[in-house]
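In what follows, a structure is listed as C-alpha cells, so that the remarks can point back to it.
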Amino acid sequence: MMNNIISTIKTNQSFIILPHLKPDGDAIGSSLALAKGLEKMNKSVKIISLDEVPYDVKFLDCKDYFVDSIDMESIDIVFALDSSDVGRLEDRKEFLVKPIVNIDHHKTNTLYGELNFVQEDACATGEIIFNLLNSLEIDIDREIATDIYTAIASDTGNFMYSNTTAKTHEIAADLITKGIDVSLISMYLYQNIPLNKFKFNTEVLRQVEFYFDNRVALVTISKELKIKYDCYNTDSIVESIRNIEGVQVAVLIDERNSIAKISMRSKKDIDVSLIALDNGGGGHVNAAGFEVDAGVEAGKKIVIKELGMIYERIS
Ligand code: AMP
Ligand code: MN
Ligand code: MN
C-alpha cells in the first residue's frame, strides 16, 4: 500500500490535505509534515481546515498552508489524515470530489478512500507520515521533525499511553537528532494553558459526577459555561478526570450548538471504541467519541446505559 501511495504522489502534482474536524496535535502535526514534505518534491499543496488550530499547537510553523477554500478543478488528489470516517470530514464535503488517499491509525477506520493506508499499530498518523517521507527519501528537517514529534507526543499522551512502543521511541530519537527542542515543544504543549481555560477547567472539574462505585467519572459542559469563560477548548479535561485513582472510564459531554459531543477515555482493556461505534462514532480502545443530536441529557443516558452493560458483564 505504501508503494501505491508513493506512486500516486510521484505521478500527480496538486494536492490538498484534510485533517479531521476539530483537529488535534496529531491531525495538525501530520498534515503540516506531509505538506512540507510534498513541497520539497515541488508539489503544490494546501491544508484545508475550517476550525482554528488549537492553542497548544499554534507554535508549529503553519506558514500559508492553511486555506478554507480552493479551486477543486486544479486538484489531483485529496489526502484525509487521522480521520476514521467521512463524518470526520463532513464540514468540507465539497472538497471530497477527487480521489481520496486515506491515511490513518484508528481501528474503526471505514476505508472510505480510493487508497487506504490504515495502520492500527501506528501510535499516531504522524508515525505513518514519518515512514512515508522516509520512503520518499525526503529530508526530514528540523521543522518537519518538530511537526512529527508534536503529532506523536499528542497522541501518546507524551509517550505515556499503551500505543507507545519501542518504535515510537526510535522515531522520537531520530527526530531529536534532527535538532528539535524537546523541552520547548513540551512547554508549548503542556505548560501553556490560557488563563481563561485554566479557570474554566477548574470550574468544570468541580462538577464531576461519579457512577458505578466511582469507576466512572462523568462531567457535562454546558454552552453557558463556555460562554462565561469565553473558552471553547475542552482539551485535556477528560484525561485529567481519568487520572483519578480507581476511575476506569472518564466521560466528557460537551454541549455544542444542537448536538452533544461525547468524549470517552478508559484505562487498561476497557474498550470505549465499541460504545462509540455503536453510536455512529469511532476511536481507539482507550480514547473514543461520538455525537448525539438529542442533547446532553440524552447523551448522558446513552453512555451510562452502555457502561452499565459493560459493568454487568464484567462483575
Ligand atoms: P476525542 O474524544 O474527540 O478527543 O476523540 C477521541 C478519539 O476518538 C480520537 O481518536 C478521535 O479521532 C475519535 N473520535 C472522536 N469522535 C469521533 C467521531 N464522532 N467519529 C469517529 N471518531 C471519533
Ligand atoms: Mn486526531
Ligand atoms: Mn491520531
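Roughly how large, in nm² to one decimal, is the mean projection of the convex hull of the alpha-carbon atoms in the chain?
Projected over every direction and averaged, the Cα hull of the chain covers 15.8 nm².
When the Karplus curve 6.51 cos²θ - 1.76 cosθ + 1.60 is applied with θ = phi - 60°, which whole-Hz ³J(HN,Hα) does each residue of the range 131-139 get, with x for Gly and Pro?
3J(HN,Hα) across the range 131-139, in whole Hz: 5, 5, 5, 5, 4, 7, 6, 8, 5.
Could you calculate the contour length gain from Lys58 to Lys10, that is, 0.36 nm times the residue separation minus the distance between their Cα atoms, to one decimal place in nm? Numbers along the way, then the final one.
Values: separation 48, 0.36 × 48 = 17.28 nm, distance 3.03 nm.
Value of the extension gain: 14.2 nm.
Rank by packing, highest mean first: peptides 207-219, 302-314, with packing defined as the count of other Cβ atoms within 10 Å averaged across residues. Spell out each step's value before the answer.
Values: 207-219: 16.8, 302-314: 14.8.
The peptides rank, most packed first, as 207-219, 302-314.
From the square roots a ≥ b ≥ c of the eigenvalues of the alpha-carbon gyration tensor of the range 2-190, which class results: rounded (a/c under 1.5), prolate (a/b over b/c), or oblate?
rounded
Please report, in cubic angstrom per residue, the volume enclosed by the convex hull of the alpha-carbon atoms of the range 192-315.
About 102 Å³ per residue, rounded to a whole number.
For the range 148-187, what class follows from the C-alpha gyration tensor (a ≥ b ≥ c being the square roots of its eigenvalues): rounded when a/c is under 1.5, otherwise prolate if a/b is larger than b/c, else oblate?
Because a/c hits 1.5 or more and a/b fails to exceed b/c, the range 148-187 counts as oblate.
How far is helix 296-314 tilted, in degrees, relative to the longest principal axis of the Cα atoms in the chain, given as a value from 0 to 90 rounded to the nearest 10?
The angle comes out at about 80 degrees.
Calculate for the chain the 222 nm mean residue ellipticity that helices alone would give, adding -39,500 (n - 2.57) per DSSP H run of length 4 or more and normalising by residue count, nearest 500 deg cm²/dmol.
-12000 deg cm²/dmol
Could you tell me which of rounded, prolate or oblate describes the range 1-107, using a ≥ b ≥ c as the square roots of the eigenvalues of the alpha-carbon gyration tensor, with rounded for a/c under 1.5 and, failing that, prolate when a/b is larger than b/c and oblate otherwise?
Taking the square roots of the gyration eigenvalues as a ≥ b ≥ c, the range 1-107 is rounded.
Among the lysines, select those whose C-alpha is under 28 Å from the C-alpha of Lys300, and discard any that sit fewer than 8 residues away in the same chain.
Straight-line reach from Lys300, under 28 Å: Lys22, Lys107, Lys197, Lys199, Lys223, Lys226, Lys228, Lys261, Lys267, Lys268.
How do the peptides 231-237, 122-128, 59-65 rank, highest first, by the average count of neighbouring beta carbon atoms within 10 Å per residue?
The peptides rank, most packed first, as 122-128, 231-237, 59-65.
Read the figures in this text as sums done on the coordinates, not as results from a lab. None of the values given here were measured: they were computed from a predicted structure. All Cβ positions, glycine included, derive from the backbone under ideal geometry; neighbour counts span all protein chains shown.
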